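Undergrad: So that we are looking at the same thing, I have put the structure below in structure tokens.
Each value in this text was obtained by applying a stated rule to the coordinates, not by laboratory testing. Everything numeric in this text was worked out from a predicted model, so none of it was measured. FYI the Cβ positions are ideal-geometry reconstructions off the backbone, even for glycines, and counts take in every protein chain you see.
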2 protein chains.
Amino acid sequence: MKQPKIQITDPFWSEYRRIVKDVMIPYQWSVINDDVKIDIERENANAFKASEKSHAVQNLKIAAGLAQGDFYGFWFQDSDVYKWLEAVAYALRYAPDQKLQQTADDLLVLISQAQEADGYLDTFFQIRAPQLKFQHVSFSHELYCMGHYIEAGVAYYQTTGNQLALTIATKMADCIDAHFGPEANKMHGYPGHPELELALAKLADETHETRYSDLAAYMINQRGTKPNFFAEQANNNEPLPADFPFAEPEDNGQQYFQNHVPVRELQAAEGHAVRMTYLLTGMAHVARQTHDESLQAACQHLWKNIVDKQMYVTGGVGSTVAGEAFTFDYDLPNDTMYCETCASCAMVFFAKQMLENNPDGEYADVMERELYNGTISGMSLDGQHFFYVNPLAVNPEASALDPNKSHVKVSRPAWFGCACCPPNLARLIASLDQYLYTVKDETIYSNQFVGHTATFGADLTITQSGNYPWSGNISYTINTQNKPEFTFAIRIPDWSQANYTVKINGQLQNDLLDLDHGYLKLTGPWPATTTIELALDMAVRTTQANPLVTADLGKVAVERGPLVYCLEQADNGAHLPTLSLGTESTFQIQDNVDLGLPLKLTTVSTTGAKLTSTNSDQLYQSAQNPRPTTAQSLTFIPYFAWANRQPGEMQVWLRQH
Amino acid sequence: MKQPKIQITDPFWSEYRRIVKDVMIPYQWSVINDDVKIDIERENANAFKASEKSHAVQNLKIAAGLAQGDFYGFWFQDSDVYKWLEAVAYALRYAPDQKLQQTADDLLVLISQAQEADGYLDTFFQIRAPQLKFQHVSFSHELYCMGHYIEAGVAYYQTTGNQLALTIATKMADCIDAHFGPEANKMHGYPGHPELELALAKLADETHETRYSDLAAYMINQRGTKPNFFAEQANNNEPLPADFPFAEPEDNGQQYFQNHVPVRELQAAEGHAVRMTYLLTGMAHVARQTHDESLQAACQHLWKNIVDKQMYVTGGVGSTVAGEAFTFDYDLPNDTMYCETCASCAMVFFAKQMLENNPDGEYADVMERELYNGTISGMSLDGQHFFYVNPLAVNPEASALDPNKSHVKVSRPAWFGCACCPPNLARLIASLDQYLYTVKDETIYSNQFVGHTATFGADLTITQSGNYPWSGNISYTINTQNKPEFTFAIRIPDWSQANYTVKINGQLQNDLLDLDHGYLKLTGPWPATTTIELALDMAVRTTQANPLVTADLGKVAVERGPLVYCLEQADNGAHLPTLSLGTESTFQIQDNVDLGLPLKLTTVSTTGAKLTSTNSDQLYQSAQNPRPTTAQSLTFIPYFAWANRQPGEMQVWLRQH
């Protein structure tokens, strides 16, 4: 069965994709060209000083010899340009735009001019320290930046057929292949920030050149072995200048890089969360390409560890700002976490690869949780403000006055010095069509409820429509002429598996309800037209966490469909932690609520309780039971939509009474 | 009425005082002389690298020209020596020791040799950078160290009559007075770390030299004024060398020093907690000496802010490791706080000054809370291990794996690179007699239930006995011959004011129960012997926090008498946060429990509940109500005694069900 061509028609996602195409792509282009005056914020109190501007395109011009000047900005800034280009590649598929395509074509010429004859391209090292190329890859991000280009180049070539886009990518990959590998005359290294591995895997898929997947496999397998490659480089190579914006890691920093043990020996997701999840994405892809079962087993083990022990209910991962990292099982604090937008994007990438290896609804469930919660919470609905950190509980006073919460922003800033997240979101949303299906042998797995038309070759078209995530009623129409043999598998979300209905051609089905790994499987023979009407359980759910999650003890999260809901001060007043929910609460649904945003929302409300203070002057007093409360109506909005109004408190988990 | 001479006979405190005299003082002497091999730990992951040794006495020898070598250790290490000397001064009062006194006398000679002719003494600057004396007082700690000497010198002089001890102190104070003050030819500055102010106040009391209290008052009043003195020094003076262990603060760091506004304009306790509480102690003392009502009003305002909004139930203050600082009202996280032992010691100092200004049981209540909880939790009962940070909830896994909890130690280390806390505890415990009474005009206020004999001149002796904090039965015997006129005021703790009894000469009193500012006041005429038998309410109490304390919502702390209790893993198994207490719990008391410690303890037990996991593989599931629990017996030990067994979890606040 062929991979489908997909046109997304979904009302919810079309709006996001419009924002990406019409707002984010032009906005980000003006940012990376320094054509717009922006406030660039620090990520947190300890981060590098905020930059004045991006300078990313200018760096390429300087490296290409087309402009004079010094490198400016974060040393891995090239990747901002490449992620923008990748987003453009995807956006042009659903919104052709001659002018934008010309801009991207011109950018590719610039990139090709900046690229050296041997394929190397990293403007920081080219401008600042050409003698140190590939000499300190722990923090240099050279391989990371080139990986991002390779992804972009492949995508742009796939969209437009622009051969230069692919040539730059293969030249880069060949350059890296010439320097890294098992041979004695090569470096036995790998990227400090994994990304190249997944990019090489994509390049291998496109070019059918196994050298690229082999190189990715080599880097994955070499990681964490002894002697430690980063330490060897630190000890043996010309040292990094003292005025460089980065330094070699201290010995104890290898866990941060997932470099303390070989990847198959990792017992849990550890270290920097985006590094970990990018690495896992590459591992899963390469495991499939190289038929490496032990590598796939490692991916599965770490998937389970994340999803069962280290993932927030919003899909966020990374429990601490220190190293932007995973910490330990069940450590999920709601107000000091990191939950970087990029890490949630990477969980979508990882889930996709796991689905390709082994279609199981569990991966698509997590993908859905990320798509509707932890990823898009990273952007405002104006397309011009972004979160790096996605908290589950916010108190503006704490963000202002507790230095350990300085990373927890209460409003989305316009841009960041380290601007990885905004273009990552743009490319994810623009490529959403890639996440709807997994096609494996003769089975078509429908993973997401995003309205679209999918064309599987000349004789099979599948159309999906609905008003998800607000409604659970989803319709499929399958059109085919020549009665092909295939199985159509529809994921039934874990939260609806106890309660859903299916009608086929108007007939309620009772004998189809056994699910296979979370999928409802329909087999042929297929008439010319088949309609499937799915009704999911859209009742409001209260969810509790494993009791080992100390932060959530005695609390519930409110969910409906794929959405996690939250309380905001704008609707519920101050002191949100003093609110609680009865165990027998009934919920009311309000559809099409206008909060002044481009999307109308469905909100959830109920009556809860608010603790009252009997003697507000006293800090401690004898316990009163029951504690005095007053009834209060509670209004929940979708988590992704928080912080689109005035700054205030926000909270996902709330106490039960 | 004269100040009393006091001999402590209390079984509880006598053991602590024995540990101070027999263990801590010899141990700390061997540490500061590098005669013992110790593991010196970092305070947290971001602290300066651990030192190999103290080197504090050796620094004095080098400064005195008696040894060769470089300064070593923290740049304010001199203060470790002075706090040791101060502890010795107090210990010699209750445990005369000719050999120890000779050691201290010899040390004083060394100190006098290290002191310069003009009175200056700071071994770091003398050895490393004499040209920078007093040029960067924001972080130099010169005034802090000399302040600590002045306290020690006064105390040692008072105990032994050693004139050299006092001469060194007055020379220091004169040196500082020659350099700082309102005159045009002096620096208009004040210490980066307040301490000198309270020391100068003590010196003024001893010498009746108002120049010293005036200098303290000047520094207090000058603090926080514009232009900012620290910024002026940073801008105008020869810069600190780059290899110095400290640097000038960034502009936004003034709040850390309580230097952003004048002290009378501080709305809340802010910045570094020990700086804040030392400053307040000096402010309250100087307010009394200079009859400064507005300064006393500022002390009272900030006292209320701390006690009503920023103090843990253990008496701990300082809600964050970042700057070891106060944060904001009601921000009292239990697992990331600082609660430095020194800050609780300083709260005792502050409370004493507030009592002297205005005897009110509220100050003595807090003093008691600090003495029995937040201070002595800072030491193990072997006298050789110490906490800097006193958490209210500990998970060893989090301390090991969450960098933001690296400061939360699960066992008391042997010493610290920055070793302020151990000698601070030693001097507090050794001087406990100074905290029992406030004598104001013709009223004797008995503030604490520490067994002792107090002699108020030739004709009045008051003896107190009991088995506090384990028993609430306290006996006083007042012996006098010449019928002096005085009022005897006994503090009734806030936690017992609703339920206590008093017998005078065996007669139960019913007409005495009206308290005056927390004191039960007895007036004469006084027969030759009066016995007073007080019975306090020792029922176990459950305490709740103000609902604005998010960290404690839905939780209670268990208290009995002056003691806060806690759960330890050793008694209650792992996963303490999953335990909860019923609202109608009854408690059992076990006296004289032997946990292998020098003190036998009273423990509290009851039956509670433990959450069970229905499906331990799942991180999130539909809320079950009621959540499945199993009954579990809970054993609470006094908070001060935690971490004296094997490392494990500990928790003060626990959920109610």
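Undergrad: Search the structure for amide H atoms under 5 Å from the amide H of B:CYS566, placed 1.01 Å from N in the peptide plane, and list their residues when 5 or more places away or on another chain.
TA: Those lying under 5 Å, H to H, from B:CYS566 are B:ILE637, B:TYR639.
Undergrad: A further question on this structure: Find which of A:THR630, B:ILE306, A:PHE139 sits farthest along the positive direction of the dipole of the protein assembly as shown, computed with +1 on the beta-carbon of Lys and Arg, -1 on that of Asp and Glu, about the Cα centre.
TA: Looking along the dipole axis, the top candidate is A:THR630.
Undergrad: Further, regarding this structure: Which of the lysines could a cross-linker bridge to B:LYS521, judged by Cα under 21 Å and excluding same-chain residues fewer than eight apart?
TA: Leaving aside lysines fewer than 8 places away in the same chain, those within reach of B:LYS521 are B:LYS2, B:LYS352, B:LYS440, B:LYS483, B:LYS503.
Undergrad: Peptide A:327-333: average number of partner chain Cβ atoms within 10 Å per residue?
TA: What the average comes to for A:327-333 is 5.
Undergrad: Separate question: For the stretch B:314-319, what does the Karplus curve 6.51 cos²θ - 1.76 cosθ + 1.60, with θ = phi - 60°, yield as ³J(HN,Hα) per residue in whole Hz, taken in order and with x for Gly and Pro?
TA: Coupling constants for the stretch B:314-319: 7, x, x, 9, x, 7 Hz.
Undergrad: Quick one: 3J(HN,Hα) in Hz for the stretch A:567-573, Karplus 6.51/-1.76/1.60 with θ = phi - 60°, rounded, Gly and Pro as x.
TA: With the stated coefficients, the stretch A:567-573 comes to 9, 10, 4, 4, 9, 10, x Hz.
Undergrad: On to the next question. Could you list A:LYS53, A:LYS5 so that the one with the fewest beta carbons within 10 Å of its beta carbon is first and the one with the most is last?
TA: Going from sparsest to densest Cβ surroundings: A:LYS5, A:LYS53.
Undergrad: Just to confirm the numbers: A:ASP174, label point 7 angstrom along the Cα-Cβ line, distances to the other copies in nm, shortest first?
TA: Output for A:ASP174: 8.6 nm, nearest copy listed first.
Undergrad: Over the stretch B:10-435, what is the relative contact order in whole percent, taking alpha-carbon pairs under 8 Å and six or more residues apart?
TA: 18 percent
Undergrad: Related question: Using the Cα centre as the reference, give the magnitude of the dipole from point charges on the C-beta atoms of the stretch A:582-657 (Lys, Arg: +1; Asp, Glu: -1; all else neutral), rounded to the nearest 20 debye.
TA: 80 debye
Undergrad: When the dipole is taken about the Cα centre of the protein assembly as shown, and only Lys, Arg (+1) and Asp, Glu (-1) are charged at their Cβ, what size is it in debye, to the nearest 20?
TA: 1400 debye
Undergrad: Based only on other Cβ atoms within 10 Å, what is the fewest-to-most ordering of A:ARG412, A:ARG18?
TA: A:ARG18, A:ARG412
Undergrad: Quick one: with label points 7 Å out along Cα→Cβ, list the inter-copy distances for A:LEU66 in nm, shortest first?
TA: In nanometres, ordered from closest: 7.4.
Undergrad: Would you work out which of A:ALA173, A:MET219, A:THR443 lies farthest towards the positive end of the dipole of chain A, given +1 charges on the beta-carbon of Lys and Arg and -1 on that of Asp and Glu, about the Cα centre?
TA: A:THR443
Undergrad: Let me ask something else about it. Based on the mean of other beta carbon atoms within 10 Å per residue, what is the order of A:103-113, B:273-283, A:549-559, B:459-469, most packed first?
TA: Most protected by this proxy first, the peptides run B:273-283, A:549-559, B:459-469, A:103-113.
Undergrad: Hey, another quick one. Of A:GLN28, B:TYR278, B:TYR157, which is farthest along the charge dipole of the protein assembly as shown in the positive direction, counting Lys and Arg as +1 and Asp and Glu as -1 at C-beta?
TA: B:TYR278
Undergrad: Please give the calculated 222 nm ellipticity per residue for chain B, where each DSSP H segment of at least 4 residues contributes -39500 (n - 2.57) and the sum is spread over every residue; nearest 500 deg cm²/dmol?
TA: -10000 deg cm²/dmol
Undergrad: Excluding B:TRP526 itself, what net charge comes from residues whose Cβ is under 14 Å from its Cβ, given Lys and Arg +1 and Asp and Glu -1?
TA: -1
Undergrad: How far is the Cα center of the stretch A:207-241 from the Cα center of the stretch B:413-475, in Å?
TA: Centre-to-centre distance over Cα atoms comes out at 65 Å.
Undergrad: Still on this structure, please answer the following. Counting only other chains, what is the mean number of Cβ atoms within 10 angstrom of the Cβ of each residue in peptide B:624-632?
TA: 2
Undergrad: Which order do peptides B:393-399, B:183-189, A:397-403 fall in by mean Cβ count within 10 Å, highest first?
TA: Most protected by this proxy first, the peptides run B:393-399, A:397-403, B:183-189.
Undergrad: What are the lysines whose alpha-carbon lies under 22 Å from the alpha-carbon of A:LYS99, with same-chain residues fewer than 8 places away excluded?
TA: Partners within reach: A:LYS21, A:LYS61, A:LYS83.
Undergrad: List, shortest first and in nm to one decimal, how far the label point of B:ALA539 (7 Å from Cα along Cα→Cβ) is from its counterparts in the other copies.
TA: Label-point separations across copies, in nm and ascending: 4.4.
Undergrad: So for A:CYS566, A:CYS345, fewest C-beta neighbours within 10 Å to most, what's the order?
TA: A:CYS345, A:CYS566
Undergrad: Quick one: putting +1 on the C-beta of Lys and Arg, -1 on the C-beta of Asp and Glu, what dipole do you get for chain A around its Cα centre, in Debye to the nearest 20?
TA: 980 debye
Undergrad: Here's another thing I want to ask about it. Starting from the Cα of A:LYS555, draw a straight line to each of the lysines and keep only those under 23 Å, dropping any in the same chain fewer than 8 residues away.
TA: A:LYS309, A:LYS405, A:LYS610, B:LYS555, B:LYS610
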